[in-house]
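Heads up, the thing below is written out as structure tokens.
Since every read-out is calculated from the coordinates, none of them should be taken as a lab result. It should be emphasised that the depicted structure is a prediction, and the values quoted were computed from it without experimental measurement. So basically every Cβ, Gly included, is an ideal-geometry build from the backbone, and we count neighbours across all protein chains shown.
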Amino acid sequence: MPGRLDSVEESATLRLADLTGELKKQGRDILSFNLGEPDFSTPANIIEAAAKALRSGKTHYAPSAGIPELREAIADKLKKENGIDVAGNDVLVTPGAKQAIFYACFSILEEGDEAIVFDPGWVSYDACIKMSGGKTVWVKSNEDGSLPAELPEHVSNKTKLIIINSPNNPSGAVLGIKDLRLVADVAGDNGLYVLSDEIYEKIIYEAKHLSMGSIIPERTITVNGFSKAYAMAGWRIGYATAPKPVLQNMLKVQQHTVSSPTTFVQYGALAALTGPQDSVERMRLEFKQRRDVVIKGIRGMGLRCEMPQGAFYAWPKVDGKSEEWAERFLEAGVGLTPGSAFGPHSDDHVRMSYASSMEDIKKGLERMAKLLGGGE
Ligand code: PLP
């Protein structure tokens, strides 16, 4: 029976991670640079706050949009750091940013509607759009990660949504004010919504993070979370703010699918936002050091690679099919993700996550250099 899910592929990044795991089980020495998760532990104050919540009986359902204290703290953060003027009632706490992205797509798109995703783009946007009955229109970003001036040519009478992601997974590119203005103008001229995925906001280097919600709040769904900034990927906690009619629909989806985000986890998230932020800066600086080593190493192999301004990925250009390259690197003991996972125009790149120890990174770079030096 044909259905909505037929065209949704199993996550390619996870599939490659599985293959890597398989080879490791067979005793092969593989260094994996596939997954998008900080290798750091969650800061102790956050763990303690969640443990305390558990011990004090925060084991019941929470209000479906999230506990009021956390919604208020998120609204405060959005106001102070992002220039998005919202109250706690405008915030929806979700089990991860990913869930919020799905809710937004599901709330906005009707069968046959189109959503613009920039290529390269994170793997789950396309899946969330398809699961919502929509169609992804891929628009190639410029090689330096900026957005193409031809964007308006990709808008049709079916377009409802544009998704942006800065800093970008997989390229590490950060959008500047010119990019945001371009998207804001196209959204304004055509009555579109913009979903702004800001999950890597805190992992940023020389550039400055700008939020679309501070430019066109009436059209922007801002999504963020705790997985990256606070090394809380396994906690499954994120949030969104959106124009009221969209937020109400997103809440309905949450109410009828997950009821509420896990109660005690929300107390951990509250501690993350309201507690000391020094661990965020420590992790950022560590990522920056690794980035410098990775980019120097990759360029030293003769590969072209833009300097990522944020997130924890390098996005070198390769000469040929990315899946074949990923397999070749895997044979050499290095797990990378093929660019083809991130859009139809990205088959000439591979992604290397540097959320791994410096020791593994250096070893991995040596193996890659050996492979490339070996006449491949
Ligand atoms: N958005 C992007 C661009 C990501 O890379 C990821 C995780 O890899 C997510 C969202 C998901 O974040 P969360 O763990 O909060 O669901």
**Request:** Report the full-extension gain for the segment residue 257 to residue 153: residue separation times 0.36 nm, less the Cα-Cα distance, to one decimal in nm.
**Result:** 33.8 nm
**Complete:** Filtering the chain for DSSP H helices with an axial alpha carbon extent of at least 18 Å and a Kyte-Doolittle mean of at least -0.5 returns 12-25, 177-190, 358-373
**Request:** Return the percentage of antiparallel bridges among DSSP beta bridges fully within the chain, rounded to the nearest 5 %.
**Result:** 40
**Request:** Quickly rank 189-195, 168-174 as a protection proxy: mean count of other C-beta atoms within 10 Å, highest first.
**Result:** 168-174, 189-195
**Message:** 5 Å is the cut-off here: which amide hydrogens, built 1.01 Å from N in the peptide plane, fall below it relative to residue 335, excluding neighbours closer than 5 in sequence?
**Reply:** 31, 32, 33
**Request:** Estimate the FRET efficiency between residue 278 and residue 362 by the formula 1/(1 + (r/R0)^6), using the beta-carbon distance for r and 25 Å for R0, to the nearest 0.05.
**Result:** 0.40
**Request:** Go through 205-215, 340-350 and give me the packing order, highest mean Cβ count within 10 Å leading.
**Result:** 340-350, 205-215
**Prompt:** So what's the Cα pair-distance distribution over the stretch 60-274, bin width 5 Å, in %?
**Reply:** 1, 8, 16, 21, 21, 17, 10, 5, 1, 0, 0
**Value of relative contact order over the stretch 187-260, rounded to a whole percent, pairs C-alpha under 8 Å and six or more apart** = 26
**Asked** Just checking the chain: which Cys have no other cysteine's beta-carbon under 4.7 Å?
**Response** 305
**Prompt:** To the nearest 0.05, what FRET efficiency results for residue 77 and residue 54 with a Förster distance of 25 Å applied to their C-beta separation?
**Reply:** 0.55
**Asked** Quick one: length gained pulling residue 317 to residue 47 fully straight, 0.36 nm per residue minus the C-alpha distance?
**Response** 93.2 nm
**Message:** Give the aspartates and glutamates whose C-alpha is closer than 15 Å to that of residue 25, dropping any in the same chain fewer than 8 places away, or say none.
**Reply:** 331
**Prompt:** So for the pair residue 7, residue 181, with labels modelled 7 Å out along Cα→Cβ, what separation do we get in nm?
**Reply:** 3.6
**Message:** Suppose each label sits 7 Å from its Cα in the direction of the beta carbon; what would the residue 146-residue 248 distance come out to in nanometres?
**Reply:** 4.1
**Fill in**
Evaluated at 25 °C and 0.890 mPa s, the Stokes-Einstein D of the stretch 220-376 based on the Kirkwood radius over Cα pairs, in µm²/s, stands at 134
**Asked** PRE reach from residue 306 (point 7 Å along Cα→Cβ): which of the stretch 340-376 fall under 16 Å by backbone N?
**Response** 340, 342-352
**Item:** Cα centre as origin, Lys/Arg/Asp/Glu Cβ charges: the stretch 60-274 dipole, Debye
**Value:** 540
**Prompt:** On average, how much area does the Cα convex hull of the stretch 46-93 cover when viewed from any direction, in nm²?
**Reply:** 3.7
**Violating pairs (Cα-Cα greater than 18 angstrom) within the set 130/252; 296/317; 98/130; 80/202** = 130/252
**Asked** P(r) tail for the stretch 156-274, what percent of Cα pairs lie past 19 Å?
**Response** 54
**Item:** Sites residue 331 and residue 292 - FRET efficiency at Förster radius 35 Å, r taken between beta-carbons, to 0.05
**Value:** 0.80
**Rg/Rg_globular for the chain, with Rg_globular taken as 2.2 N^0.38 Å and Rg from C-alpha atoms** = 0.97
